[in-house]
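Structure first, commentary second.
The values are calculated or read from the model by the stated rules, or taken from the named source; none is laboratory data. None of these values were measured; they are calculated from a predicted model. Positions of Cβ are backbone-derived with ideal geometry, glycine not excepted, and every protein chain shown enters the neighbour counts. The area values use the complete protein model at the heavy-atom level, side chains included, leaving out ligands, DNA and RNA. Shrake-Rupley method; radii C 1.70, N 1.55, O 1.52, S 1.80 Å.
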Amino acid sequence: MAELTAVTRDGGAIASALTLAPVPEASEDRKLHTAVLRSNPTADTLSTLAGQVASGALKVSVTAEFDLERAPEAFAAFGAGTVGKIAITVA
């Protein structure tokens, strides 16, 4: 979270699903909002989202990409709190 709060302007806010722990970098000038997100994606929902990504209607910013063989590394990066989206590619 320190990376995010460092680039947040005074009066700004961060919304994150990464943690519910107190964040010392938050202050009266910089607010931190956290949430617990749970989902149960269905095949229909995933198909719709995949179609939207393919057509360009939905943009997803991926900051790290791993081949399927490196999936354990991707999960480790996710568990370490990597900022941004992580993708596992299947060829």
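Model label sites at T42 and S61, defined 7 Å from Cα along the beta-carbon direction, differ in position by 3.2 nm. Heavy-atom accessible surface of V53, to the nearest 10 Å², is about 70 Å², with a 1.4 Å probe and all protein chains retained. Between I88 and F66, the built amide H atoms are under 5 Å apart, and every one of these is 5 or more places off in sequence or on another chain.
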